[in-house]
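J.: Following this message is one structure expressed as structure tokens.
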Amino acid sequence: AGTTGTVLSLNVPAGSYLFIAKGVLAKAGSTLITCTTSAGSDTDTSLSHIDAAANNTLVNTVVHTFGSAGTATFACNNPAGNPLFVTNAKLTAVPFAGLQNVATP
């Protein structure tokens with residue numbers, strides 16, 4: 001069992017956006033951490049083994065068009081154990097006239 005915590009959220013008006021999320025993760029012990037950036041039904045997830053010997057930086061990108069005002073979030077899952085620290089976190093929205101997103105088959 002673990003917990004998922006929102007690191008950052010960003011409210012935006014209707015429109016098409018490229019969302020870029022970044023965070024530096026630190027945790028004592030070796031643990032697989034999952035961080036997800038979400039905008040509407042679109043998501044991007046990064047996974048990394050975090051331990052006390054080194055911090056890891058995760059970056060996610062998501063494109064989404066909101067028909068009305070919406071919220072993007074950057075959240076990380078911390079399995080049971082030592083606290084997870086997410087520093088130098090950023091969540092940026094870059095507006096565009098239109099977007100196309102193609103996922104790997």
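J.: Solvent-accessible area per residue for the stretch 49-98 at a 1.4 Å probe radius, Å²?
T.: Solvent-accessible surface per residue comes out at 56 Å².
J.: Taking K and R as +1 and D and E as -1, what net charge do the other residues with C-beta under 13 Å from the C-beta of residue 58 add up to?
T.: Here the charged neighbours net out to +2.
J.: Rolling a 1.4 Å sphere over the protein heavy atoms, what is the accessible area per residue of the stretch 1-41, to the nearest Å²?
T.: 44
J.: Leaving ligands and nucleic acids out of the surface, order 27, 90 by accessible area at 1.4 Å, largest first.
T.: Ranked from most to least accessible, the order is 90, 27.
J.: Moving to a separate point now. Residue 21: net charge of surrounding residues, Cβ under 13 Å, Lys/Arg +1, Asp/Glu -1, itself excluded?
T.: Value of the local net charge: 0.
J.: Between residue 68 and residue 54, what is the spin-label point distance in nm, taking each point 7 Å from the Cα along the Cα→C-beta axis?
T.: 4.7
J.: Moving on to the next point. Determine the gain in length on full extension of the stretch residue 88-residue 41; use 0.36 nm per residue of separation and subtract their C-alpha separation, reporting nm with one decimal.
T.: 14.3 nm
J.: Let me ask you something else. Considering only protein heavy atoms and a probe of 1.4 Å, how much of the accessible area of the chain is carbon and sulfur, as a whole percent?
T.: Carbon and sulfur together cover 54 percent of it.
The values are calculated or read from the model by the stated rules, or taken from the named source; none is laboratory data. The structure displayed is predicted, hence computed values, not measured ones. Cβ: placed from backbone, ideal geometry, glycine included. Neighbour counts: every protein chain shown. Just the protein is used for accessible areas: all its heavy atoms, side chains included, with ligands, DNA and RNA removed. Shrake-Rupley method; radii C 1.70, N 1.55, O 1.52, S 1.80 Å.
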